[in-house]
Amino acid sequence: MKRAVRRRATVGRILIGLASLVFLLVLIVQVLHAAGAIAAGFSTWRPILIVYLLWATAFGTAQVLMRGERGQRALFLLPAVFFTVAVVIFPTIFGLYIASLDWNLSSIEGPHFSGLDNVRAMLNDTYYWNALSNMVFYSLAVLGEYAIAFALALLLSAEIRGRKFFRVVFLLPMMLSPVAVSWMIGKSLLEYRFGPAATLARYLGWDNPAFFASPWMARFTIQAMDAWVSIPFIMIILLAGLQAMPKEVQEAAKVDGANGWQSFWHVTFPIMLPVSITVLIIRIIFKLKLADIVINVTAGGPGGATDTVSSFIYRVYRDRSNVGYGTALAMVYLLLIIVLLTLMLRLSKRWTQRVT
C-alpha cells in the first residue's frame, strides 16, 4: 500500500515537472518572439492560453496523485487560483512588459525595449501629476457624499409619510449610466447657451453662467454630477445597516435621557462604523476609476482641471497612440491604488477597534 502511494506521488511529481517545463519553454519562446529576438513563435498569444490550461489540468491531476484525498479537496480551490493567475497576475506581468516598451501605434518602427524611459517621462509629465492631484480632490469629496447619504438614510429609516415612494425616487439616479448622465446633465441641462440651468442662472443675475469655464467650477460640477449618480449607492447600504440595527439600543439611549444628536453620535454612528468604512472604501475604489463623465463632458478641460488619471490615460492611448507610455502610467497608478487601499484598510481596522 505504501509502495503504491509512493509510486503515485513520484508520477505526480514527474507530471508537474514535465508540464511546468513545457509551459515555461513555450512561454519563453513566445516572449522572445514577441520581442523580436527569434523568428520562431506564435502569431498570437492564444496557444499560450491553451498550454496554460493543459498545465493547470496536469497540476490538478498531480495533486490527486501526490496527496490523495487532500488533493481531491484542493481541486475545488485550484480553479479559482488558476483563474486569478490568468486574469490578474499574468495581465499584470504582461502590462509591466508593455510598460517597458517604446510602442507608438503611429510609428512604423513598431515596439522596442526602452527600459525605464516611460517612467522618466512620467516624472516630468505635469499633466499626469495634475490628474493625480485632482484624484485627491475627488477622493476627499467622498466624505461629503457619505454625509449626504447618511442623512438621507436616516430620513428614510424614520417613520415618515411616503417613505417607500422617496426610497424609489432617491434610487433613480443610480439606475442611469454615467454616459447618459453626462449627456443629459453635462451636455444638455448645463449647456452654456440654451441649457435650462444656464437660463435660470441668467434670470437670477449670473451674467456668465459657464459651469465648465473656470477650473474650480468645472471640477465642482463634475464632482456634483458624479455624486448625484453615486450617493444612492451609499445611501442604500447605510439604510440596510440602519434597518438591521437593534431597536433596543436606541430605545435604551432614549430612556437614559439622550437627545437626538447624542443618540446618533454615541449609539448609531459607532454601531454603523463597520458598514460606513466598508461603503467608503468601496466608493473610493469606484471614485479612483472615474473617467466616463469627464471624457464625455469636458475631455479633461479646461487645461486639465477636471482630468482624472483614468481619463488622462485614455487620452494618451487615443490621442497620442502611445501604448507603452499609457501602460506605464496605468501600472504606476495601480501600484499607488494598492498602497493607498492597504493603508486605508489598516487604519480603518485600528480606528474601528478603538471606537467600538
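Would you be able to tell me the number of residues in region 140-164 that are crowded, with 17+ Cβ neighbours inside 10 Å and under 26 Å from the mean Cα position of the chain (by Cα)?
8
Within region 200-210, is there a residue that is open to solvent by 70 Å² or more (accessible area, probe 1.4 Å) and of a type in the set (D, E)?
yes
So for region 111-133 (the condition being modelled with pLDDT under 90, buried (at least 18 other Cβ atoms within 10 Å of the Cβ) and either over 25 Å from A305 (Cβ atoms) or of a type in the set (V, I, T) (or both)), does at least one residue qualify?
Within region 111-133, one or more residues are modelled with pLDDT under 90, buried (at least 18 other Cβ atoms within 10 Å of the Cβ) and either over 25 Å from A305 (Cβ atoms) or of a type in the set (V, I, T) (or both).
Checking the conditions here, which among D117, D102 is in contact with a His (Cβ under 6 Å, 6 or more places away or on another chain) and within 23 Å of Y325 (Cβ to Cβ)? It would help to see each step written out before you state the result.
Numbers: D117 fails: in contact with a His (Cβ under 6 Å, 6 or more places away or on another chain).
The conditions single out D102.
Let me confirm something: among P178, P196, which residue is open to solvent by less than 60 Å² (accessible area, probe 1.4 Å) and of a type outside the set (A, V, I, L, M, F, W, C)? Break it down stepwise before answering.
Details: P196 fails: open to solvent by less than 60 Å² (accessible area, probe 1.4 Å).
Residue meeting the stated conditions: P178.
Inspect region 325-346 for any residue being out of contact with any Cys (no Cβ under 6 Å at 6 or more places or on another chain), open to solvent by 30 Å² or more (accessible area, probe 1.4 Å), farther than 24 Å from F94 by Cβ and free of Cβ contacts under 8 Å to residues at least 24 places away in the same chain and give the result as yes or no. Explain how you work it out, then say what you get.
Quick first cut of region 325-346, residues out of contact with any Cys (no Cβ under 6 Å at 6 or more places or on another chain) only: 325-346.
Now narrow it down to the ones that are open to solvent by 30 Å² or more (accessible area, probe 1.4 Å): 330-332, 334-346.
Filter again for farther than 24 Å from F94 by Cβ, leaving 343-346.
Still in the list and also free of Cβ contacts under 8 Å to residues at least 24 places away in the same chain: 343, 346.
The answer is yes; a qualifying residue exists.
Here are some conditions: (1) in contact (Cβ under 8 Å) with a residue 24 or more places away in the chain; (2) open to solvent by less than 70 Å² (accessible area, probe 1.4 Å); (3) more than 22 Å from V11 (Cα to Cα). M66 meets all but one. Which one does it not meet?
(3)
Return the total of residues in region 299-324 being among the aromatic types (F, W, Y) and either in contact (Cβ under 8 Å) with a residue 24 or more places away in the chain or farther than 30 Å from T278 by Cβ (or both).
Qualifying residue count for the region: 2.
Just name the residue that is most open to solvent (accessible area, probe 1.4 Å) out of those in region 31-56 that are in contact (Cβ under 8 Å) with a residue 24 or more places away in the chain and not β-branched (V, I, T).
That would be L54.
Here's a check for you: in region 306-321, which residue that is at pLDDT below 90 and within 19 Å of D117 (Cβ to Cβ) is surrounded by the most Cβ atoms within 10 Å (Cβ to Cβ)?
Y317
Yes/no matrix, rows are residues, columns are (1) out of contact with any helix residue (DSSP H, G or I) (no Cβ under 9 Å at 6 or more places or on another chain); (2) open to solvent by 30 Å² or more (accessible area, probe 1.4 Å); (3) farther than 30 Å from I108 by Cα:
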| position | (1), (2), (3) |
| --- | --- |
| T278 | no, yes, yes |
| I281 | no, no, yes |
| D292 | no, yes, yes |
| Q353 | yes, yes, yes |
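Name the single residue, out of those in region 81-110 being surrounded by fewer than 16 Cβ atoms within 10 Å (Cβ to Cβ) and over 26 Å from the mean Cα position of the chain (by Cα), that is modelled with the highest pLDDT.
Out of the qualifying residues, it is L105.
Out of L172, L200, report the one residue that is under 29 Å from the mean Cα position of the chain (by Cα) and part of a helix (DSSP H, G or I).
L172
Name the residues in region 136-161 that are at pLDDT 90 or above, farther than 14 Å from L239 by Cα and either in a loop (DSSP other than H, G, I, E, B) or in contact with a helix residue (DSSP H, G or I) (Cβ under 6 Å, 6 or more places away or on another chain) (or both), would you?
Across region 136-161, the qualifying residues are Y138, S139, A141, V142, E145.
Say whether the condition of being among the small types (G, A, S) and closer than 20 Å to L155 by Cβ is met by at least one residue in region 214-221.
Looking through region 214-221, none of the residues is among the small types (G, A, S) and closer than 20 Å to L155 by Cβ.
Go through region 21-30 and give me each residue that's surrounded by fewer than 17 Cβ atoms within 10 Å (Cβ to Cβ), touching a residue at least 24 places away in the same chain (Cβ under 8 Å) and under 33 Å from the mean Cα position of the chain (by Cα).
Within region 21-30, L27 is the sole residue that qualifies.
The values are calculated or read from the model by the stated rules, or taken from the named source; none is laboratory data. Treat the numbers as computed from the prediction; the structure is a model and nothing was measured. Reconstructed Cβ throughout: ideal geometry from the backbone, glycine too, with neighbour counts over all protein chains shown. Keep in mind that these areas ignore ligands, DNA and RNA; they rest on the heavy atoms of the full protein, side chains included. Shrake-Rupley method; radii C 1.70, N 1.55, O 1.52, S 1.80 Å.
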